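Okay, so here's the structure we're looking at.
The values are calculated or read from the model by the stated rules, or taken from the named source; none is laboratory data. Predicted model, so just to flag it, every value in this text is computed and none were measured. For neighbour counting, all protein chains shown are included, and Cβ atoms are generated from backbone atoms with ideal geometry for every residue, glycine included.
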Amino acid sequence: MGGVPGGLSPPLVSLEHEELVIRRGRRSGAYTVVAVHSTARGPALGGCRMWRYQSSADGARDALKLSRAMTFKAAAADLRLGGGKGVICADPGRAPSGRRRRDMLLDFADTVNALDGSYVTAEDVGTSARDMAVIAQGTSHVRGLSRSKGGSGDPSPFTAIGVEAAIRACCERAFGSPELRGRSIALIGVGRVGSSLAKRLARAGAKLLIADIDESKRALVAKLPGARWTDPTSALLADTDVVAPCALGGAVDGVTAGRLRCRVLCGAANNQLTHDGLAEDLRAHGILYGPDFIANAGGLINIAVEIEGYDPARARRRVAQVGDTMREILERADTDRVTPLEAAFALARTRLGG
Ligand code: NAD
């Protein structure tokens, strides 16, 4: 195997990151990881992901990748925040609960403290506002606590507000109007963000095609006028105006990119394209891709408002500006003859000073 001096395999080596801490918890014995990609614009903010990784190196790899994406997301949204990410390597099998979960969260708090404030944590896949309250017993560098504990609560409704604004901006560019009445929209994944987005889009008069791997989510369709239910693949490949991926990452790969029939691809999920080069394929197929890290910045903006002193009305106003950012990026992409994804990276890089 072609390793590098120091013994790290190539995917782990990243000269861009400021810090990487991997610690074995003294209470739980579980590995906890924090990656700080950049503090150039402020403290590195990023959620704490609890996931079953095969090894601590896999957890570290994920933290390195996700922390970099947070830097670009915060910079593109013009927040005075940097990019970081936390990981708790959970047990194989069931998600930990009770005493064990508490021990892991407190061990993670120790790792956060080791960074001395350059990293601030919040909730992410596998963790909740309740978990943040436990972490807060061990460190002050935590946000996204419940409203009753003085935090900004669940970020998902704010993420949904931002995604709706981003979809409207994409529709304006693709169809000449941000109006959603009568637009056909396929929404894949109706969890916390997707269900909130579905309600907003239905209220705006969109015709929804909804899919989720969890059949129990089908009940939502009955509550939304004109909504229909289908399976995730049919929703992705449907002949609709918009496809909005709101499940996990990797919705579009090298095969599906060429089979999409929508005009706009814009949703909440992180890492919707399996690799960045697919943005060029989408453009070649006449599909307007609204970059995910622009569309789904609402939750992060909500936490930035919490850091300043929380006011939900101000948070809603700030999150609605996701539409302005998306409009700016789509204009730049047209002017510079690049993909919207390249234009989004360019905007973030400018704000990062390089
Ligand atoms: P969630 O876990 O509440 O919901 C995800 C939903 O997707 C679930 O209903 C699940 O059953 C469904 N799902 C999973 N795999 C699927 C598949 N292959 N096909 C169809 N459905 C599938 O998660 P969430 O908080 O709603 O987040 C959704 C996405 O948005 C994630 O990619 C997340 O990283 C991203 N995101 C969320 C926020 C936030 O504020 N929660 C902020 C930014 C980005």
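Tell me which residues, restricted to the range 206-218, are of a type outside the set (S, T, Y) and within 12 Å of the ligand (Cβ to nearest atom). Don't jump to the end; show me each part of the working.
Here is the first cut: in the range 206-218, the ones of a type outside the set (S, T, Y) are 206-215, 217-218.
Selection gives I210, A211, D212, I213, D214, E215, K217, R218.
For the range 269-283, which residues satisfy the criterion of being farther than 19 Å from L237 by Cβ and more than 13 Å from the ligand (Cβ to nearest atom)? Please lay out each step first, then the result.
As a first pass, look at the range 269-283 and keep what is farther than 19 Å from L237 by Cβ: 270-271, 275-277, 280.
Those that are farther than 19 Å from L237 by Cβ and more than 13 Å from the ligand (Cβ to nearest atom): H275, D276, G277, E280.
Residues are listed down the side, and each one gets a yes or a no for (1) over 23 Å from L45 (Cβ atoms); (2) surrounded by 16 or more Cβ atoms within 10 Å (Cβ to Cβ):
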residue: R283; (1), (2): yes, yes
residue: A295; (1), (2): no, yes
residue: G299; (1), (2): no, yes
residue: I307; (1), (2): no, yes
residue: R318; (1), (2): no, yes
residue: D324; (1), (2): no, no
residue: R327; (1), (2): yes, yes
residue: P340; (1), (2): yes, yes
Checklist entry - What pairs can you find where one residue is in the range 151-173 and over 23 Å from I329 (Cβ atoms), the other is in a helix (DSSP H, G or I) and more than 14 Å from the ligand (Cβ to nearest atom), and their Cβ atoms are less than 6 Å apart, with a gap of 6+ or different chains? => result G153/R147
Item to check | Residues satisfying the stated conditions in the range 137-150, i.e. touching a helix residue (DSSP H, G or I) at 6+ places or on another chain (Cβ under 8 Å) and without any contact (Cβ under 8 Å) to a residue 24 or more places away in the chain | outcome: L145, S146, K149
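Of the residues G299, G258, G286, G250, which is in contact (Cβ under 8 Å) with a residue 12 or more places away in the chain, out of contact with any Lys or Arg (no Cβ under 9 Å at 6 or more places or on another chain), more than 16 Å from the ligand (Cβ to nearest atom) and not aliphatic (A, V, I, L, M)?
Values: G299 fails: more than 16 Å from the ligand (Cβ to nearest atom); G286 fails: out of contact with any Lys or Arg (no Cβ under 9 Å at 6 or more places or on another chain); G250 fails: more than 16 Å from the ligand (Cβ to nearest atom).
Checking each option against the conditions leaves just G258.
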Next on the checklist: Step by step: first the residues of the range 176-193, then only those that are within 16 Å of the ligand (Cβ to nearest atom) and over 18 Å from G323 (Cα atoms), then the one that is surrounded by the fewest Cβ atoms within 10 Å (Cβ to Cβ). Which residue is that?
Outcome noted: G191
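Rundown of residues vs (1) assigned to a loop (DSSP other than H, G, I, E, B); (2) in contact with a Phe, Trp or Tyr (Cβ under 7 Å, 6 or more places away or on another chain); (3) assigned by TED's automatic domain parsing to the domain that holds P178, yes/no style:
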| site | (1), (2), (3) |
| --- | --- |
| G286 | yes, no, yes |
| A304 | no, no, no |
| I307 | no, no, no |
| R317 | no, no, no |
| E328 | no, no, yes |
| A346 | no, no, yes |
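If I filter the range 310-330 for residues that are touching a strand residue (DSSP E or B) at 6+ places or on another chain (Cβ under 9 Å) and not small (G, A, S), do I get at least one hit?
Yes: one or more hits.
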Checklist outcome for this item: Those residues of the range 25-53 that are free of Cβ contacts under 8 Å to residues at least 40 places away in the same chain and out of contact with any strand residue (DSSP E or B) (no Cβ under 9 Å at 6 or more places or on another chain) come to a total of 1
Checklist entry - Do the conditions hold for I213, that is, is it within 28 Å of L66 (Cβ to Cβ), touching a Pro at 6+ places or on another chain (Cβ under 7 Å) and surrounded by 15 or more Cβ atoms within 10 Å (Cβ to Cβ)? => result no
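I'd like to check which helices (runs of 4 or more DSSP H) are fully inside the range 35-136 and have at least 3 residues that are within 16 Å of the ligand (Cβ to nearest atom) and more than 19 Å from F158 (Cα to Cα).
Values: elements: 56-76, 98-114, 129-135.
Once the helices (runs of 4 or more DSSP H) in the range 35-136 are filtered for at least 3 residues that are within 16 Å of the ligand (Cβ to nearest atom) and more than 19 Å from F158 (Cα to Cα), what remains is 56-76.
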